[in-house]
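The values are calculated or read from the model by the stated rules, or taken from the named source; none is laboratory data. This structure is a prediction, so every number in the text was calculated from the model and none was measured. Neighbour counts are summed over all protein chains in view; Cβ atoms, including those assigned to glycine, are modelled from backbone coordinates with ideal geometry.
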Amino acid sequence: MHFKKPVHLVVFIEEFINLNKSQKMIINFLKFIIILIIFLLAYQSPAVSNNQQPGLSFFTSFPSEFILKNCQPDNSYDFPFSIDIENNDSQWVVYAFLNQTDKKIDLSKYFFLLASSAGKEEIVTNQEKPVVLIEGLQPVPTQSLIGEFILRFKPDWDIPAGQYQFELLFAYQSNTLSPPISLPYKIPVTIIIDPTVLLNVDIQPQDGLQFDIQGQPGLYAAENRILLNGKANVEKLTILCWAEDLKGKNGHLIPNSRIFLTRSLGTKKTEMISLEKPLEIQSFQIGEPISLVIEGFYIKTLLEDLPDEYEGLIHFDYFIPVNEKEK
């Protein structure tokens, strides 16, 4: 028997072998491309992380709290602080603003921020008007000190004595097109303002009250008057007046129970009150200027008062309610 050569089968096998080789080449090529892409991505990932992912990665300040005690009006108090940050932004801004945690009275106009000790004072208020602390035009790739600043408090006499609580807050802006973002960071601020009273006494026309007593025993008026002016940062203040005994150079004495001050009762009536004990002259509320003209001092002489040159002191003091002192 004779068999014929299977020509078609041989051709098919040859074509299959050639096709299988082509597929392997394509698969190997694709594997190479994939490996190359993975390599490139792995090589470039640090650059993408550092340069193409903007944002603030670290923020802190020192100190972490401000406490001011024994504060008085017409003085200036500085709180120096510093800020450290780390970011990846080529352009950035750090802002600051205040939040008053107690709402006794708005004190925002008494706080100022300075970029340095010689910097310009800027009033720092709430989040609606944050103050620019510092601007940057390049990234801060590692945690670094970016500046030292001052929070300044300048109280006046309109602020009642007491304790006040604030928070110094911050915001961060990564570029000029995006709005500032509030940071979850704050510096607590505690301020304690002492009750403070300032009184000035002026006697006209001489430097002291003078009683020229010549004649029969009786009432004699002083020849001058007292001008009293002052300020206070308490809700209510009452001016008091009292006298010491008058002592003669020769050892004689006129008791303070016979030194008087007249006080108006209205409708042109007056009463005469002894200055043996403190006498309430007038009360003033906070913010009200203290201004008094005090006249009508009298001394009563008796027959047993011997001729002499008598001297003593008239005192002016003030009274603050107990709840004011405890604030």
Problem - Test: residue in segment 275-282 that is free of Cβ contacts under 8 Å to residues at least 24 places away in the same chain and under 15 Å from Leu199 (Cα atoms) - result: no
Completion exercise
Within segment 194-212, the count of residues that are in a loop (DSSP other than H, G, I, E, B) and either farther than 15 Å from Ile290 by Cα or touching a helix residue (DSSP H, G or I) at 6+ places or on another chain (Cβ under 7 Å) (or both) comes to 10
Practice task
State whether one or more residues within segment 174-189 are small (Gly, Ala, Ser), surrounded by 17 or more Cβ atoms within 10 Å (Cβ to Cβ), in contact (Cβ under 8 Å) with a residue 40 or more places away in the chain and within 22 Å of Glu235 (Cβ to Cβ).
Solution key: no
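Please give the strands (runs of 3 or more DSSP E) falling wholly within segment 93-154 in which 1 or more residues are in the same structural domain as Ser64 (by TED's automatic domain parsing) and surrounded by fewer than 15 Cβ atoms within 10 Å (Cβ to Cβ).
Qualifying strands (runs of 3 or more DSSP E): 131-136, 144-153.
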Practice task
Among the numbered conditions (1) in a loop (DSSP other than H, G, I, E, B); (2) at pLDDT 90 or above, tell me where Tyr318 comes up short.
Solution key: (1)
Completion exercise
The condition of being in the same structural domain as Ile226 (by TED's automatic domain parsing), closer than 30 Å to Pro155 by Cα and either modelled with pLDDT under 95 or in contact with a Lys or Arg (Cβ under 6 Å, 6 or more places away or on another chain) (or both) holds, among Pro307, Pro289, only for Pro289
Fill in the blank from the handout: Of the residues in segment 223-255 that are more than 48 Å from the chain's Cα centre (by Cα), among the aliphatic types (A, V, I, L, M) and surrounded by 15 or more Cβ atoms within 10 Å (Cβ to Cβ), the one that is farthest from Gln206 (Cα to Cα) is Ile254
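Just checking, does segment 109-118 include any residue being under 30 Å from Ile239 (Cβ atoms) and not hydrophobic (A, V, I, L, M, F, W, C)?
Yes, segment 109-118 contains at least one residue that is under 30 Å from Ile239 (Cβ atoms) and not hydrophobic (A, V, I, L, M, F, W, C).
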Problem - Filter result for Ile159 (of a type in the set (Val, Ile, Thr) and assigned to a strand (DSSP E or B)) - result: no
Practice task
From (1) surrounded by fewer than 18 Cβ atoms within 10 Å (Cβ to Cβ); (2) in contact (Cβ under 8 Å) with a residue 60 or more places away in the chain; (3) not in a strand (DSSP E or B), pick out the condition that doesn't hold for Asp89.
Solution key: (1)
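How many of the residues making up segment 245-285 are basic (Lys, Arg), assigned to a strand (DSSP E or B) and touching a Ser or Thr at 6+ places or on another chain (Cβ under 8 Å)? Talk me through it step by step, then tell me what you get.
Step one: filter segment 245-285 for residues basic (Lys, Arg), giving 247, 249, 258, 263, 268-269, 277.
Next, only the ones that are assigned to a strand (DSSP E or B) stay: 247, 263, 269.
From the residues that got through so far, the ones that are touching a Ser or Thr at 6+ places or on another chain (Cβ under 8 Å) too are 263.
Total satisfying the criteria: 1.
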Practice task
Working carefully through the options Asp317, Asp305, find the one that is within 17 Å of Leu199 (Cα to Cα) and in contact with a strand residue (DSSP E or B) (Cβ under 7 Å, 6 or more places away or on another chain).
Solution key: Asp317
